[in-house]
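Notes for the one structure printed next.
Values quoted throughout were computed directly from the atomic coordinates according to the rules given, and no laboratory measurement underlies them. In this text, all values refer to a predicted model and were calculated from it rather than measured experimentally. When we count neighbours, we look across all protein chains shown, and the Cβ atoms used for this are built from the backbone with ideal geometry, even at glycine.
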């Protein structure tokens, strides 16, 4: 299967504004790119790249004053298979977890494990550990929150989502991650492309998506509490502790996002 992916973002800056962009396809999918997802800008500015502490590809540039556009268009090959399901995946004892997974047990900016631990154990302490426990968490989050783009708020934390019972995909993901960490299951935040492949097309404008990966049975597994069913065509961009680690753009100065377009569909 071939999937066309891309974006077109427009900013207005009153002064030269340094930016960090996390928009390149994740290194684990780089070999699947048929045409590269090189970042282009208008006007053209120099771009440099680096790997952050989680291994994500990041790009640095200085946006000039005035209107500034960032865009890319690429083709990627995909297996066409839905997210893998492993119902027998076992939960590791904390003392047996690989060291690189331990950071994904800790609280973070949007995932207040200290404030949701008691709630998590009350809700999920009776569930079988491992895959069934994570699925129980995703089932709960999927049913507990009401989705709507009108509910989007960049500052909403997992605790606030739990109490407000509304949100977008990042809120579903933050709440599920927090509950998993409270139950001693490493969980990390993922952002990327997810189109309407294999399902009825959504009338809502396309956006980047958020989901989580949990560490069970010696490897990372994909879960998506927003959709809560295996999906086809997921293309990873970046991973981190929560959304604070993987913003699509970080601007170090005043700016206005004037336009936002994302596409991902089978060709």
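Just a few scattered comments:
- Euclidean distance between Cα centres, the stretch 183-241 to the stretch 72-141, Å: 12 Å
- Of all DSSP beta bridges in the chain, antiparallel share, percent nearest 5: 95 percent
- Rule-of-thumb Rg ratio for the chain [Cα; 2.2 N^0.38 Å; N residues]: 1.02
- Relative packing of peptides 17-25, 175-183, 249-257 - highest average C-beta neighbours within 10 Å first: 175-183, 17-25, 249-257
- Prolate/oblate/rounded label for the stretch 180-253 (Cα gyration tensor, a/c 1.5): oblate
- Once the Cα atoms are used to define both axes, helix 169-182 deviates from the longest principal axis of the chain by about 40 degrees.
- The helix-based estimate of mean residue ellipticity at 222 nm for the chain, built from -39,500 (n - 2.57) per DSSP H run of four or more residues and divided by its residue count, is -5500 deg cm²/dmol to the nearest 500.
- Global geometry of the stretch 36-90, whether rounded, prolate or oblate, following the gyration tensor of its Cα atoms and the 1.5 cut on a/c: prolate
- Proportion of all alpha-carbon pairs of the stretch 94-242 beyond 26 Å (%): 19 percent
- Protection proxy ranking, highest mean first, for peptides 126-136, 75-85: 126-136, 75-85, where packing is the per-residue count of other beta-carbon atoms within 10 Å, averaged.
- Global geometry of the stretch 2-68, whether rounded, prolate or oblate, following the gyration tensor of its Cα atoms and the 1.5 cut on a/c: oblate
- Between 0 and 90°, nearest 10: helix 131-144 axis offset from the chain longest Cα axis: 70 degrees
- Once the Cα atoms are used to define both axes, helix 113-124 deviates from the longest principal axis of the chain by about 50 degrees.
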